[in-house]
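> So that we are looking at the same thing, I have put the structure below in structure tokens.
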Amino acid sequence: MTFLVLRVLHVLLAAIWVGMAVFLSFFMMPAIGEAGPAGGPVMAALARRGIDRVIGAIAGLTIVSGIYLYWHFTGGFDPEVSKSHAGMAFGIGGVSGIIAGIIGGAIVGRGAQQMQSIGAQAATTADGPDKAALFQKMNALRQRVTIAAKIVVVLQTIALSLMAIGHYI
């Protein structure tokens, strides 16, 4: 019963994580970029709602439950089972998911926090070259975060695809 509950939890969390990543990467971040300084309040509102903690928790729980499922599938990481087609599919998919989580936390999450900090600083800075420099720095960070978030989506897509076919190859 524990296995089935964790499998359902893993699939649901992965779906939420992928959905959030796609929405943020392809819709939210570009819209915030187009809005310019007016996007700052949206980012601040998301931060107040704890979006970084929510995504981090969802990613972490997805990864931990996936490691447990892989351990269960391979009978305790048995190398012979891991070398099977299904074992390799689940293993490569799992590694892709773990790398997505690392990039998501280290680059996307940290970059979003830095943008929030710069945005707060810009809000209290008088118009002029200093404020323009802050917005330029924030725009560069936003571009870096957007690229990293798209890489996360690609890695999640690889993981999702391999998980979907793992039992059938």
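> Helix 2-23 sits at what angle to the longest principal axis of the chain, using alpha carbons and giving 0 to 90 degrees rounded to 10?
The two axes meet at around 30 degrees.
> Could you work out the relative contact order of the chain? I mean the mean sequence separation of Cα pairs under 8 Å and 6+ apart, divided by the number of residues, in percent.
Reported relative contact order: 32 percent.
> Roughly speaking, what is the centre-to-centre gap between region 102-169 and region 82-96 when only Cα atoms are used, to the nearest Å?
28 Å
> Cα axis of helix 51-73 to longest principal axis of the chain: angle in degrees, 0 to 90, nearest 10?
In the chain, helix 51-73 runs at an angle near 10 degrees to the longest axis.
> To continue, here is another question. About its Cα centre, how strong a charge dipole does the chain have in debye, to the nearest 20, once Lys and Arg get +1 and Asp and Glu get -1 at the Cβ?
Charge dipole of the chain: 200 debye, to the nearest 20.
> Run lengths n ≥ 4 of DSSP H only: what is the helix-derived mean residue ellipticity at 222 nm for the chain, with -39500 (n - 2.57) per run over all residues, to the nearest 500?
Calculated from helices alone, the mean residue ellipticity at 222 nm is -26500 deg cm²/dmol.
> In addition: With +1 on each Lys and Arg Cβ and -1 on each Asp and Glu Cβ, and nothing else charged, work out how big the dipole of region 21-102 is about its Cα centre, in Debye to the nearest 20.
That gives a dipole near 240 debye.
> Return MET20, MET43 ranked ascending by Cβ neighbour count within 10 Å, so the fewest neighbours appear first.
Exposure proxy ranking, most exposed first: MET20, MET43.
Rule-based calculations on the coordinates, nothing more; no lab input. Nothing here was measured: the structure is a model prediction, and the numbers come from that model. Positions of Cβ are backbone-derived with ideal geometry, glycine not excepted, and every protein chain shown enters the neighbour counts.
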